[in-house]
Amino acid sequence: MVVAVQQVPFVDLGRQHQEIARELIDACRRVTDRSSFTLGHEVEAFEKDFAAFVGTSEGIGVGSGTDALLLSLRAYGIGAGDEVVTAANTFVATAEAIALCGATPVFADVDEDTLLIDPAAVEAAITERTAAIIPVHLHGHCCDMNRLSEIAARHGVKVIEDACQAHGASFHERRAGSLGDVGCFSFYPSKNLGALGDGGFVTTDDPILAEKIRQLRAHGEDASRVHGEIGYTSRLDGMQAAFLRVKLPLLERWNSRRQQAAAAYKSELAGSSAILPATQAGSSHVHHVFAVRVRERNSVRVRLAEAGVHTAVHYPIPVHLEPAFAYLGGQPGQFPIAEKAAGELLSLPMFPYLHADEIAQVSDALLEALRQ
Ligand SMILES: *Cc1c(COP(=O)(O)O)cnc(C)c1O
């Protein structure tokens, strides 16, 4: 007789949606009753609430996290001839946004311990063409924003935070999205705050920039219906905003459950050969992803799958080596820390409703796989 192995999903959104099913249906009703599907009442209410949560005076709902980055770059007038510095190990969307506005992505290597963009590498990458830097708060852990802000100020370049994985994360008591000139968020369903479809958000304390982004998200149209700029169709949906209003009050509880799961993994895996994620002093890490570093990652992954444990890799190819960015002439060996990390990182199941027995199953399976 074959006994089925208990499966541990990488992410199970069904568990959070079950808990708020009633509220989500009511939210849907509110939107259909008013027929405000693109922008409108729910979007405005959510914009106020999420900006207040982040700690900025302005909040603009847009179509996706990538668009949040793209519209921010465009609103600063960044485009052809400009360079924008970002991390070599990030989700491809960060570099995509830079390329889509016409600017040139310039990559910087990351810190060995945190795998976050290395401020010294950023400084070394700055040229007279640099218009902005985009630190990525990878896996839910804020970059060293004190050093990055100081470097940016000294060189007169903007800081656009890619906070797409860092809803609610903080750095010295200030939340991700309020640490740079502008903050960009994604509400892709599996993010710490996720819609039931695509969505994104820009936070800033600059009302003029906010107004430009509001115009760009809706065809470049201003209040007098003049189109001064070529814009986009990148509005946040009323339906998504209504769902996000249901979820936002739960975000802190969900983040603390992620932190508890991370603490449990760390205690179960202490002393193993896996390198565990570090948290910088003064940071609150919200563990969008819980990634360990292991040698022979691919065979470890196969053994975990055999033990019913579903894992992922964030990210297997550093951006400078992705075919889409081959035109930039990236070479293996250029960013050694990012490249080594890409070969070793292994993301374990992580979501707010992960059970204690699942964490134990994952940890036991990983310890076993590492012994082989
Ligand atoms: C998810 C993500 C994005 C893009 O978000 P979309 O909403 O999918 O466009 C950008 N940067 C990082 C680091 C992300 O994780």
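The values are calculated or read from the model by the stated rules, or taken from the named source; none is laboratory data. Being a predicted model, the structure only gives us computed values, none of them experimental. Glycine also receives a Cβ, built like all others from the backbone with ideal geometry; neighbour counts cover every protein chain displayed. Accessible surface areas use protein heavy atoms only, side chains included; no ligands, DNA or RNA. Shrake-Rupley method; radii C 1.70, N 1.55, O 1.52, S 1.80 Å.
Has the stretch 114-123 got any residue that is open to solvent by less than 20 Å² (accessible area, probe 1.4 Å), more than 13 Å from the ligand (Cβ to nearest atom), in contact with an Asp or Glu (Cβ under 9 Å, 6 or more places away or on another chain) and modelled with pLDDT of 95 or more?
yes
Is it fair to say His137 is more than 25 Å from Gly199 (Cα to Cα) and without any contact (Cβ under 8 Å) to a residue 60 or more places away in the chain?
On the way: more than 25 Å from Gly199 (Cα to Cα): no; without any contact (Cβ under 8 Å) to a residue 60 or more places away in the chain: yes.
Here the answer is no, as His137 does not meet what is asked.
Within the group Arg74, Arg129, which residue is open to solvent by 20 Å² or more (accessible area, probe 1.4 Å), more than 18 Å from the chain's Cα centre (by Cα) and within 16 Å of the ligand (Cβ to nearest atom)?
Details: Arg129 fails: within 16 Å of the ligand (Cβ to nearest atom).
Matching residue, one of Arg74, Arg129: Arg74.
Identify the single condition in (1) under 30 Å from Arg257 (Cα atoms); (2) in contact (Cβ under 8 Å) with a residue 40 or more places away in the chain; (3) not in a helix (DSSP H, G or I) that Gly330 does not satisfy, given that it satisfies every other one.
(1)
Which numbered condition trips up Ile25, out of (1) away from the ligand (no atom under 16 Å from the Cβ); (2) touching a residue at least 24 places away in the same chain (Cβ under 8 Å)?
Status for Ile25: all satisfied but (2).
Restricted to the stretch 287-305, and to residues that are touching a residue at least 24 places away in the same chain (Cβ under 8 Å) and open to solvent by 70 Å² or more (accessible area, probe 1.4 Å), which residue is nearest to the chain's Cα centre (by Cα)?
The selected residue is Arg301.
If I ask for residues that are assigned to a helix (DSSP H, G or I), under 15 Å from Leu250 (Cα atoms) and open to solvent by less than 60 Å² (accessible area, probe 1.4 Å), which ones from the stretch 19-37 would you list?
Ala21, Leu24 - these are the residues of the stretch 19-37 that are assigned to a helix (DSSP H, G or I), under 15 Å from Leu250 (Cα atoms) and open to solvent by less than 60 Å² (accessible area, probe 1.4 Å).
Out of the stretch 132-165, which residues are within 16 Å of the ligand (Cβ to nearest atom) and assigned to a strand (DSSP E or B)?
Those that are within 16 Å of the ligand (Cβ to nearest atom) and assigned to a strand (DSSP E or B): Ala132, Ile133, Ile134, Val136, Val159, Ile160, Glu161, Asp162.
Can you go through Val54, Val85, Val43, Val62 and tell me which one is touching a Phe, Trp or Tyr at 6+ places or on another chain (Cβ under 9 Å), more than 13 Å from the ligand (Cβ to nearest atom), under 29 Å from Cys28 (Cβ atoms) and β-branched (Val, Ile, Thr)?
Working: Val85 fails: under 29 Å from Cys28 (Cβ atoms); Val43 fails: touching a Phe, Trp or Tyr at 6+ places or on another chain (Cβ under 9 Å); Val62 fails: more than 13 Å from the ligand (Cβ to nearest atom).
Among Val54, Val85, Val43, Val62, only Val54 is touching a Phe, Trp or Tyr at 6+ places or on another chain (Cβ under 9 Å), more than 13 Å from the ligand (Cβ to nearest atom), under 29 Å from Cys28 (Cβ atoms) and β-branched (Val, Ile, Thr).
If you take the residues in the stretch 174-208 that are surrounded by fewer than 20 Cβ atoms within 10 Å (Cβ to Cβ) and either without any contact (Cβ under 8 Å) to a residue 60 or more places away in the chain or more than 19 Å from Leu251 (Cα to Cα) (or both), which one is nearest to the ligand (Cβ to nearest atom)?
Gly197
Of the residues Asp111, Asp49, Asp67, which single one is within 15 Å of the ligand (Cβ to nearest atom), open to solvent by 20 Å² or more (accessible area, probe 1.4 Å) and among the charged types (D, E, K, R)?
Values: Asp111 fails: within 15 Å of the ligand (Cβ to nearest atom); Asp49 fails: within 15 Å of the ligand (Cβ to nearest atom).
Selected residue: Asp67, the only one of Asp111, Asp49, Asp67 that is within 15 Å of the ligand (Cβ to nearest atom), open to solvent by 20 Å² or more (accessible area, probe 1.4 Å) and among the charged types (D, E, K, R).
Could you give me the residue pairs with C-beta distances under 7 Å whose first residue belongs to the stretch 53-71 and is under 21 Å from Met239 (Cα atoms) and among the polar types (S, T, N, Q), whose second residue is open to solvent by less than 30 Å² (accessible area, probe 1.4 Å) and within 9 Å of the ligand (Cβ to nearest atom) wherever it lies, and which are 6+ apart or on separate chains?
Ser64/Ser186; Ser64/Gly199; Ser64/Gly200; Thr66/Ala93; Thr66/Ala97
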